[in-house]
Amino acid sequence: MERYFSWFTESSFTLFSFPHLLTLFLVGSCIVGMFLFRKTLRNKLPNLVIRLMIAFLLLLSEISFHAWFAYYNEWSITTTLPLQLSSISLFLAIALVLTKNKTLFPITYFAGSASALLAMITPDLGPYAFPHFRFFHFFIAHGGILLTTWFMIIVEKAFPSYRSLWMSFAGLNIYVLLLFPLNLTLGSNYMFLMKEPESLTLISYLGPWPFYLLSLEVITIVVFHLLYFPFSFLLRRFLHSSPFNNREIRKRTL
(Lines give C-alpha, C1' and ligand atoms only; values in the text may rest on other atoms or scores of the structure.)
Protein backbone atom coordinates (compact mmCIF):
# COMPACT_ATOMS: atom_id res chain seq x y z
CA MET A 1 0.00 0.00 0.00
CA GLU A 2 2.87 2.36 0.73
CA ARG A 3 3.86 2.71 -2.91
CA TYR A 4 0.33 3.77 -3.85
CA PHE A 5 0.30 6.61 -1.31
CA SER A 6 3.99 7.44 -0.88
CA TRP A 7 5.20 11.01 -1.08
CA PHE A 8 8.39 10.21 -2.97
CA THR A 9 8.34 7.90 -5.98
CA GLU A 10 10.90 6.67 -8.48
CA SER A 11 8.46 6.91 -11.38
CA SER A 12 7.22 9.88 -13.38
CA PHE A 13 4.03 10.67 -15.22
CA THR A 14 4.33 10.15 -18.98
CA LEU A 15 2.15 12.34 -21.17
CA PHE A 16 -0.19 10.34 -23.43
CA SER A 17 0.91 7.04 -21.97
CA PHE A 18 -1.56 4.15 -22.10
CA PRO A 19 -3.02 4.83 -18.59
CA HIS A 20 -3.39 8.52 -19.49
CA LEU A 21 -5.18 7.81 -22.78
CA LEU A 22 -7.30 5.08 -21.19
CA THR A 23 -8.45 7.47 -18.45
CA LEU A 24 -9.41 10.11 -21.01
CA PHE A 25 -11.32 7.43 -22.93
CA LEU A 26 -13.20 6.34 -19.78
CA VAL A 27 -14.26 9.91 -18.95
CA GLY A 28 -15.41 10.40 -22.54
CA SER A 29 -17.30 7.09 -22.39
CA CYS A 30 -19.16 8.26 -19.26
CA ILE A 31 -20.30 11.38 -21.11
CA VAL A 32 -21.44 9.26 -24.07
CA GLY A 33 -23.26 6.97 -21.60
CA MET A 34 -25.09 9.96 -20.17
CA PHE A 35 -26.27 10.84 -23.65
CA LEU A 36 -27.41 7.30 -24.45
CA PHE A 37 -29.34 6.98 -21.17
CA ARG A 38 -30.43 10.62 -20.90
CA LYS A 39 -34.14 9.78 -20.78
CA THR A 40 -33.63 7.31 -17.94
CA LEU A 41 -31.47 9.81 -16.06
CA ARG A 42 -34.30 12.34 -16.16
CA ASN A 43 -36.36 10.08 -13.90
CA LYS A 44 -36.28 11.15 -10.27
CA LEU A 45 -34.44 8.21 -8.64
CA PRO A 46 -31.68 7.62 -11.26
CA ASN A 47 -31.20 11.37 -11.48
CA LEU A 48 -30.71 11.69 -7.73
CA VAL A 49 -28.42 8.65 -7.50
CA ILE A 50 -26.07 9.86 -10.26
CA ARG A 51 -25.94 13.38 -8.85
CA LEU A 52 -25.13 12.11 -5.36
CA MET A 53 -22.46 9.77 -6.75
CA ILE A 54 -20.73 12.59 -8.65
CA ALA A 55 -20.91 14.93 -5.64
CA PHE A 56 -19.57 12.21 -3.32
CA LEU A 57 -16.62 11.39 -5.61
CA LEU A 58 -15.74 15.07 -5.97
CA LEU A 59 -15.92 15.71 -2.23
CA LEU A 60 -14.00 12.54 -1.43
CA SER A 61 -11.26 13.48 -3.88
CA GLU A 62 -10.80 16.89 -2.25
CA ILE A 63 -10.86 15.57 1.32
CA SER A 64 -8.43 12.74 0.52
CA PHE A 65 -6.08 15.19 -1.20
CA HIS A 66 -5.80 17.38 1.89
CA ALA A 67 -5.59 14.33 4.18
CA TRP A 68 -2.69 12.97 2.10
CA PHE A 69 -0.79 16.25 2.40
CA ALA A 70 -1.50 16.43 6.15
CA TYR A 71 -0.35 12.83 6.71
CA TYR A 72 3.09 13.68 5.33
CA ASN A 73 3.16 17.07 7.10
CA GLU A 74 3.28 18.78 3.72
CA TRP A 75 0.06 20.77 4.03
CA SER A 76 0.90 24.46 3.69
CA ILE A 77 -1.00 27.68 3.06
CA THR A 78 1.48 28.47 0.27
CA THR A 79 0.69 25.35 -1.75
CA THR A 80 -2.39 23.54 -0.51
CA LEU A 81 -5.20 26.03 0.03
CA PRO A 82 -8.12 25.25 -2.32
CA LEU A 83 -7.46 28.34 -4.44
CA GLN A 84 -6.46 26.76 -7.73
CA LEU A 85 -9.08 27.06 -10.44
CA SER A 86 -9.59 23.29 -10.31
CA SER A 87 -10.51 23.45 -6.60
CA ILE A 88 -12.86 26.41 -7.07
CA SER A 89 -14.45 24.61 -10.03
CA LEU A 90 -14.78 21.45 -7.94
CA PHE A 91 -16.76 23.21 -5.22
CA LEU A 92 -18.92 24.93 -7.83
CA ALA A 93 -19.53 21.55 -9.48
CA ILE A 94 -20.58 20.00 -6.17
CA ALA A 95 -23.03 22.84 -5.53
CA LEU A 96 -24.30 22.66 -9.11
CA VAL A 97 -24.88 18.93 -9.23
CA LEU A 98 -26.58 18.87 -5.81
CA THR A 99 -28.85 21.88 -6.28
CA LYS A 100 -29.22 21.95 -10.08
CA ASN A 101 -29.11 25.73 -9.71
CA LYS A 102 -28.59 26.74 -13.31
CA THR A 103 -27.19 30.14 -12.39
CA LEU A 104 -24.03 28.24 -11.38
CA PHE A 105 -23.86 26.47 -14.71
CA PRO A 106 -22.14 29.03 -17.02
CA ILE A 107 -19.04 29.67 -14.88
CA THR A 108 -18.75 25.95 -14.08
CA TYR A 109 -19.08 25.08 -17.75
CA PHE A 110 -16.80 27.70 -19.27
CA ALA A 111 -14.12 28.12 -16.59
CA GLY A 112 -14.49 24.77 -14.85
CA SER A 113 -14.80 22.35 -17.75
CA ALA A 114 -12.29 24.28 -19.89
CA SER A 115 -9.61 24.19 -17.19
CA ALA A 116 -10.46 20.60 -16.29
CA LEU A 117 -10.18 19.45 -19.90
CA LEU A 118 -6.87 21.24 -20.48
CA ALA A 119 -5.54 19.90 -17.16
CA MET A 120 -6.51 16.34 -18.09
CA ILE A 121 -4.85 16.61 -21.48
CA THR A 122 -1.59 17.99 -20.01
CA PRO A 123 -1.59 16.95 -16.32
CA ASP A 124 0.84 18.48 -13.83
CA LEU A 125 1.48 15.20 -12.01
CA GLY A 126 5.28 15.09 -11.87
CA PRO A 127 6.41 11.83 -10.24
CA TYR A 128 2.90 10.50 -9.63
CA ALA A 129 2.13 8.05 -12.40
CA PHE A 130 -0.48 5.29 -12.52
CA PRO A 131 -1.39 3.60 -10.16
CA HIS A 132 -0.44 6.18 -7.52
CA PHE A 133 -3.17 7.81 -5.43
CA ARG A 134 -2.43 11.23 -6.94
CA PHE A 135 -3.09 9.88 -10.43
CA PHE A 136 -6.56 8.71 -9.43
CA HIS A 137 -7.29 11.82 -7.38
CA PHE A 138 -6.34 14.12 -10.25
CA PHE A 139 -8.52 12.47 -12.88
CA ILE A 140 -11.48 11.86 -10.56
CA ALA A 141 -11.50 15.52 -9.52
CA HIS A 142 -11.14 16.95 -13.03
CA GLY A 143 -13.23 14.26 -14.67
CA GLY A 144 -15.99 14.86 -12.12
CA ILE A 145 -16.13 18.53 -13.07
CA LEU A 146 -16.57 17.57 -16.73
CA LEU A 147 -19.24 15.00 -15.87
CA THR A 148 -21.14 17.59 -13.82
CA THR A 149 -21.29 20.13 -16.61
CA TRP A 150 -22.24 17.58 -19.25
CA PHE A 151 -24.86 16.08 -16.95
CA MET A 152 -26.44 19.51 -16.74
CA ILE A 153 -26.28 19.88 -20.52
CA ILE A 154 -27.44 16.41 -21.56
CA VAL A 155 -29.87 15.54 -18.78
CA GLU A 156 -31.01 18.90 -17.39
CA LYS A 157 -30.89 20.72 -20.76
CA ALA A 158 -28.90 23.71 -19.52
CA PHE A 159 -27.54 25.90 -22.35
CA PRO A 160 -25.03 28.74 -21.90
CA SER A 161 -25.66 32.08 -23.57
CA TYR A 162 -23.07 34.21 -25.34
CA ARG A 163 -23.49 36.84 -22.64
CA SER A 164 -22.67 34.25 -19.94
CA LEU A 165 -19.45 33.44 -21.85
CA TRP A 166 -18.12 36.96 -21.31
CA MET A 167 -19.49 37.13 -17.78
CA SER A 168 -17.59 33.94 -16.97
CA PHE A 169 -14.44 35.36 -18.56
CA ALA A 170 -14.82 38.57 -16.55
CA GLY A 171 -15.45 36.64 -13.33
CA LEU A 172 -12.35 34.54 -13.92
CA ASN A 173 -10.21 37.63 -14.45
CA ILE A 174 -11.58 39.29 -11.32
CA TYR A 175 -10.62 36.18 -9.35
CA VAL A 176 -7.12 36.30 -10.87
CA LEU A 177 -6.73 39.95 -9.91
CA LEU A 178 -7.72 39.13 -6.33
CA LEU A 179 -5.33 36.18 -6.26
CA PHE A 180 -2.27 38.19 -7.35
CA PRO A 181 -1.86 40.13 -4.07
CA LEU A 182 -2.58 36.99 -2.06
CA ASN A 183 0.19 35.16 -3.92
CA LEU A 184 2.54 38.05 -3.21
CA THR A 185 1.60 38.04 0.48
CA LEU A 186 1.89 34.29 0.96
CA GLY A 187 4.80 33.71 -1.42
CA SER A 188 2.57 31.22 -3.23
CA ASN A 189 1.95 30.40 -6.88
CA TYR A 190 -1.75 29.63 -7.05
CA MET A 191 -3.02 29.28 -10.61
CA PHE A 192 0.64 29.57 -11.70
CA LEU A 193 0.34 33.36 -11.71
CA MET A 194 3.86 33.94 -10.40
CA LYS A 195 5.85 31.32 -12.30
CA GLU A 196 5.29 28.38 -14.64
CA PRO A 197 4.77 24.85 -13.24
CA GLU A 198 7.79 22.60 -12.90
CA SER A 199 6.15 19.79 -14.87
CA LEU A 200 5.59 19.89 -18.63
CA THR A 201 2.15 21.39 -19.23
CA LEU A 202 0.47 23.64 -21.79
CA ILE A 203 2.00 26.66 -20.01
CA SER A 204 5.48 25.32 -20.80
CA TYR A 205 4.91 26.13 -24.49
CA LEU A 206 3.59 29.67 -23.98
CA GLY A 207 6.81 31.52 -23.23
CA PRO A 208 8.34 32.87 -20.02
CA TRP A 209 6.54 34.71 -17.23
CA PRO A 210 4.66 37.04 -17.52
CA PHE A 211 4.06 36.57 -21.25
CA TYR A 212 2.40 33.17 -20.82
CA LEU A 213 -0.31 34.91 -18.76
CA LEU A 214 -1.26 36.97 -21.81
CA SER A 215 -1.17 33.84 -23.96
CA LEU A 216 -3.47 32.11 -21.48
CA GLU A 217 -5.93 35.00 -21.77
CA VAL A 218 -6.10 34.49 -25.53
CA ILE A 219 -6.37 30.72 -25.18
CA THR A 220 -9.13 31.14 -22.60
CA ILE A 221 -11.19 33.30 -24.98
CA VAL A 222 -10.65 30.84 -27.83
CA VAL A 223 -11.55 27.81 -25.69
CA PHE A 224 -14.63 29.55 -24.27
CA HIS A 225 -15.83 30.24 -27.81
CA LEU A 226 -15.14 26.66 -28.85
CA LEU A 227 -17.23 25.52 -25.89
CA TYR A 228 -20.01 27.89 -26.88
CA PHE A 229 -19.97 27.07 -30.60
CA PRO A 230 -22.07 23.85 -30.37
CA PHE A 231 -24.76 25.75 -28.47
CA SER A 232 -24.66 28.62 -30.95
CA PHE A 233 -25.40 26.08 -33.69
CA LEU A 234 -28.13 24.39 -31.66
CA LEU A 235 -29.79 27.69 -30.80
CA ARG A 236 -29.89 28.71 -34.44
CA ARG A 237 -31.39 25.33 -35.25
CA PHE A 238 -34.00 25.66 -32.48
CA LEU A 239 -34.91 29.18 -33.54
CA HIS A 240 -35.43 28.18 -37.17
CA SER A 241 -36.86 24.70 -36.99
CA SER A 242 -38.01 23.69 -33.51
CA PRO A 243 -41.49 24.08 -32.05
CA PHE A 244 -40.00 26.04 -29.12
CA ASN A 245 -40.67 29.75 -29.20
CA ASN A 246 -38.16 32.43 -28.27
CA ARG A 247 -39.31 32.48 -24.65
CA GLU A 248 -38.59 28.76 -24.32
CA ILE A 249 -35.14 29.22 -25.85
CA ARG A 250 -34.34 31.97 -23.36
CA LYS A 251 -35.35 29.67 -20.49
CA ARG A 252 -32.77 27.12 -21.63
CA THR A 253 -29.91 29.57 -22.02
CA LEU A 254 -28.09 31.08 -19.08
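The values are calculated or read from the model by the stated rules, or taken from the named source; none is laboratory data. Quick caveat, the model's predicted, so the values are computed rather than measured. Don't worry about glycine lacking a Cβ; one is built from the backbone with ideal geometry, like all the others, and counts go over all protein chains shown. Protein only, heavy atoms only, side chains kept; ligands, DNA and RNA dropped before computing areas. Shrake-Rupley method; radii C 1.70, N 1.55, O 1.52, S 1.80 Å.
Within segment 102-121, if we keep just the residues that are β-branched (Val, Ile, Thr) and open to solvent by 30 Å² or more (accessible area, probe 1.4 Å), the residue that is farthest from residue 217 (Cα to Cα) turns out to be 103.
Within segment 132-140, none of the residues are of a type in the set (Val, Ile, Thr), farther than 14 Å from residue 86 by Cα, open to solvent by 30 Å² or more (accessible area, probe 1.4 Å) and touching a residue at least 60 places away in the same chain (Cβ under 8 Å). The sole residue among 172, 147 that is modelled with pLDDT of 95 or more and open to solvent by 10 Å² or more (accessible area, probe 1.4 Å) is 147. Put simply, of 129, 114, 70 the only residue that is small (Gly, Ala, Ser), assigned to a helix (DSSP H, G or I) and either closer than 30 Å to residue 225 by Cβ or touching a residue at least 40 places away in the same chain (Cβ under 8 Å) (or both) is 114. In segment 156-184, the qualifying residues are those that are of a type in the set (S, T, N, Q) and touching a Leu at 6+ places or on another chain (Cβ under 9 Å), and the one that is nearest to residue 35 (Cα to Cα) is 161. Among (1) more than 27 Å from residue 163 (Cα to Cα); (2) open to solvent by 70 Å² or more (accessible area, probe 1.4 Å), where does residue 35 come up short? Failing condition for residue 35: (1).
Scanning segment 111-126 for residues being closer than 27 Å to residue 184 by Cα and more than 9 Å from the chain's Cα centre (by Cα) gives a total of 5. Write out, first by first residue and then by second, each pair whose Cβ atoms fall under 7 Å of each other, whose residues are 6+ apart or on separate chains, and whose first residue, in segment 219-241, is of a type in the set (A, V, I, L, M, F, W, C) while the second is surrounded by fewer than 16 Cβ atoms within 10 Å (Cβ to Cβ) and at pLDDT below 90. So the pair list comes out as 238/244.
Within the set 43, 73, the sole residue that is open to solvent by 60 Å² or more (accessible area, probe 1.4 Å), at pLDDT 95 or above and on the phi > 0 side of the Ramachandran plot turns out to be 73. Among residues of segment 76-94 being free of Cβ contacts under 8 Å to residues at least 60 places away in the same chain and loosely packed, with under 15 Cβ neighbours inside 10 Å, the one that is nearest to the chain's Cα centre (by Cα) is 82.
Looking across segment 1-20, just one residue is open to solvent by 90 Å² or more (accessible area, probe 1.4 Å) and at pLDDT 95 or above, and that is 18.
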